[in-house]
1. List the residue ranges in the chain for DSSP H helices whose C-alpha atoms run 20 angstrom or more along the long axis and whose Kyte-Doolittle average is 1.0 or above.
2. Calculate the spin-label point distance for Arg116 paired with Asn444, positioning each point 7 Å from the Cα along the beta-carbon direction, and give it in nanometres.
3. If you wrap a convex hull around the alpha carbons of the stretch 187-318, what volume per residue comes out, as a whole number of Å³?
4. In which sequence would Lys338, Lys387, Lys204 go, from the one with the fewest C-beta neighbours within 10 Å to the one with the most?
5. May I have the convex hull volume per residue, in Å³, for the Cα set of the stretch 436-479?
6. Ordered by residue, what ³J(HN,Hα) values in Hz, to whole numbers, does the stretch 478-493 give under the Karplus form 6.51 cos²θ - 1.76 cosθ + 1.60, where θ = phi - 60° and Gly and Pro are x?
7. Once the Cα gyration tensor of the stretch 5-56 is diagonalised, what are the square roots of 5 times its eigenvalues, in whole Å and ordered largest first, as equivalent ellipsoid semi-axes?
8. Identify all lysines with a Cα-Cα distance to Lys443 below 25 Å; exclude those on the same chain that are fewer than 8 residues away in sequence.
Amino acid sequence: MTLGVLAALGMAFTMFAGFWTDWLWYRSVHYSSVFTTTLWTKIGLFFVFGLLMALAVGFNIWLAHRTRPPLSAMSMEQQSLDRYRMGIAPYKTWLLLAVTALVGLIAGASAAGQWRVWLMWVNGVPFNQKDPQFHRDVSFYAFDLPWYRFLLAFGFATAILSLIAAALTHYLYGGLRVTSPGSRASAAATGHLSVLLGVFVSLKAVAYWLDRYGLAVKSSDFRATGNWTGLRYVDANAYLPAKNILFFIAVICALLFFATLWRRTWQLPVIGFGLMVLSAVLIGGLYPAIVQKFQVQPNEQAKEAPYVQKNLKATREAYGIDHTQVSEYSGRAATDDKTKLRDQVGQTASIRIMDPNVVSPTFQQLQQIRNYYGFPTNLDVDRYPTKDGKEQDTVLGLRELNLNGIPKNNWINDHFRYTHGYGVVAAKGTESDDKGRPVFTEKNLPSKGDLGEYQQQVYYGEKTTTYSIVGGPQKEIDYSDDAGEKTTSYQGRSGVNLDSPLNRAAYAVAFNEPQILYSGAIGDGSRILYNRTPKDRVEAVAPWLTIDGDAYPAVVDGRIQWIVDAYTTSNGYPYASRTTLGDTTADSLTATNNSRAVVAQQNQVNYIRNSVKATVDAYTGDVKLYQWDSADPVLKTWMKAFPDTVKPRADISPALMAHLRYPQDLFKVQRELLTRYHVTNAQTFLSGSEVWQVPDDPSNDSRDSVPPYYLSMKMPDQKQQVFSLTTTFTPNGRDNLSAFMAVDSDPRASDYGKIRILKLPTSTTVDGPKQVQSQFNSEPSIAETISLLSRGHSQVEYGNLLTVPLDGGLLYAEPVYVRGGTLKYPLLRKVLVTYEGRTAFEDTLDQALDKVFGVKGSEPPESGTTEPPASTNPTVRQALEDAQKAYDAGQEALKSGPDWDAYAKAQKDLQDALRRAENAQSSTDKPRTSGD
């Protein structure tokens, strides 16, 4: 008895420890409302639906027992069950309670899992957009229909369990007979079971009615296009009428079952039920098959075209690709002036030769400093100002803690002494030194360079996956230099205080580490830090968001901030085709680095928005969520459900705004959809003649998709470089280039988020990435050099193959690294460049460009001489004054509210003023001012 009591208490405390530590963690990050809202929603659903199920099943068992026939009238068949009745007689009350409690617990647990569906239904806001078939607001499909389907499923489960329980009770107490002569069921049993069957058939009628709307979000395999969502011709002209007819048949059948209360005969209900089943087979199955076979297939394109057009429109809207700008691009240079082309390269793109996915070992070797530090497998690309104030593409990574590299692993070292990483390491993306190493702009330990002063300790990072106990009597190793180890004690307010014996006991149980309970290394001020990766923290405080696979660090206002992109998604956008995030975001990087993957997102969605930008402070762990897409109804719904958790967009500081970017996973989803949905004509879509594909990564043999690349560049219709995210397309099943795609990724740019596609003509062939890589490898002189570089124990590694539109043609550039001899890290040795069929393989990018174009690039102007003289044209001066006023008005509109209408008007006025200035200046011979 004692052991049993102790075991029960142990289990109870284990459950309590999990609950208590969760509550303490949410309170420590100031998101306790998320914990309480979620908890109370689950509890409410558990008790309401568990109680409803228990009452329904219990009532039907009680009613069947109460209406049992007298024992004297029992047949021989029933007398054989007498020993069972006698056996349960003393415990029938307890047995009834046990059965109802069991079904109630199961139903309650199932209902608690629907907390997201409930919160979306009760807080749903309209999309203000109607579907083309039933003209219902999209919110009905996204928020209402999932909840109605859950209620319907719960109703079916309740009716079936009640029917089974009532039938067993009637049989046990003589109300139903199987082998006995005479009537098979008593009048009471007949009425009781008929009502339950009537309820079941009524629910089936409701299901038929909801199935009508379900057709708008139904997925099917469409032979002409593959995966398909929404109504097709057969759905609108066969399935939809069939659902209407079956609904009325089910209603009539249900009424016949209810009428048995008075008629006491099964004849009519059974006939009605049989007709309903037969109708479901003929009307719901056979008739649509006939329509598909004899009406649709002989003239499929004409029949399906109107429905395909609806799918095209809805899919493009749901994935944010409806404003994609598709332009024709020749793929051939428009000018023969080689000097002009050579000079245009630097104006068109900042070609990055430091591949963040290759040079991490180089950072590790040159800037690790201590074995207990490490860099991520894939570094990040961001923009930082140079000393002259211009922005440049920068490759950077944090020097994070690597427990595998500490001198001796034990509990104290792993959790008390070595607790954090230290500093940012950054290098120019477009340069290398004469030895092929990165040109570091922030380096050494402590880190120093162009980033200025900032809090360098990294307590929260992508590689920080274990817990640490800080702030107590045990000192932490801060960093080591020539003078020896420097120690520190955590001064932040992050984590959970371990002063309380209850807290220590709870964490000892939760982490299965008894030393937390009694260790002398824990004392006054000790705090435990856990859930330390940026993705884990954002996902925990906002469980309704889908997190981007690539969190990246930035130095913002003297602190290291992890920036995390987050998405709102839905599976209920009518007519929009579905995609699986885990598949569409996979590429050659996620194949080798699981931390870059969208984990556990194998569920399908057909609506996505980058609605939230989140930050996680690398020192304090503070999590902040910012509303990014203020028009997204899904985000508005979640903000109603979890008020005061998401800050308005206006709270984003200019310093943080300078480091935000267009997210990779959203871009990868959109590019996958655009392989088919770049066309807007249904006939072209159905023919499949314009289907593209994302090419395989040419730099390796993995056969995984090429990842998108960040770089500063300008498209043909742009006047200056913009930080962009780019990719290429090839025709389906072929390797030549079919299109180039880029999206403006700098939120400070007026066209942020605008997708541009340069579509190449189908009448000519332009080499794609794989063909360019093959040409590189097959060029005799290049192949010979590669062979020489690979001698001994050296290994050649290809970097990112960048594609840049240049004067109608396409410039390809690829850095080549060598990891050789005793050096176990890659160094830049060569740069491959090709343009218009001319290829160069030189030591530097400038040398390769000079060789490709046959001329040397112009020398850049000296610093301090780039500012042109002010214009003397009065029209220009007035236009520039108007432009400044419009700019100031736009900034003021952002601060007040923000007022997006006023901001849009200010941006229009700004563009008009700049256009007037440019037109006036072009009419004179004077140089343009910086305002131009």
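Please treat every number below as a calculation from the coordinates, not as lab data. Values in this document were obtained by computation on a predicted structure and should not be read as measured data. Heads up, the Cβs are rebuilt from the backbone with ideal geometry, glycines too, and the neighbour counts pull from every protein chain shown.
1. Values: long enough: 2-28 (38 Å, 0.84); 32-66 (49 Å, 1.23); 92-112 (29 Å, 1.66); 145-172 (40 Å, 1.41); 187-214 (40 Å, 0.91); 240-263 (35 Å, 1.77); 267-281 (22 Å, 1.89); 300-318 (26 Å, -1.35); 874-895 (32 Å, -0.91); 900-922 (33 Å, -1.28).
Result, helices passing both filters: 32-66, 92-112, 145-172, 240-263, 267-281.
2. Here the modelled spin labels are 4.9 nm apart.
3. On the way: hull volume 12.9 nm³, N = 132.
It comes to 98 Å³ per residue, whole-number rounded.
4. On the way: Lys338 14, Lys387 8, Lys204 23.
Lowest count first: Lys387, Lys338, Lys204.
5. Working: hull volume 5.2 nm³, N = 44.
Enclosed volume per residue, from the Cα hull, is 118 Å³.
6. Whole-Hz 3J(HN,Hα) from phi for the stretch 478-493: 7, 6, 10, 9, 4, 7, x, 6, 9, 10, 8, 9, 4, 9, x, 9.
7. Values: eigenvalues 122, 91, 3 Å².
Those come to 25, 21, 4 Å.
8. Answer for Lys443, where 25 Å is the Cα cut-off: Lys387, Lys390, Lys428, Lys435, Lys463, Lys486, Lys824, Lys830, listed by chain and number.
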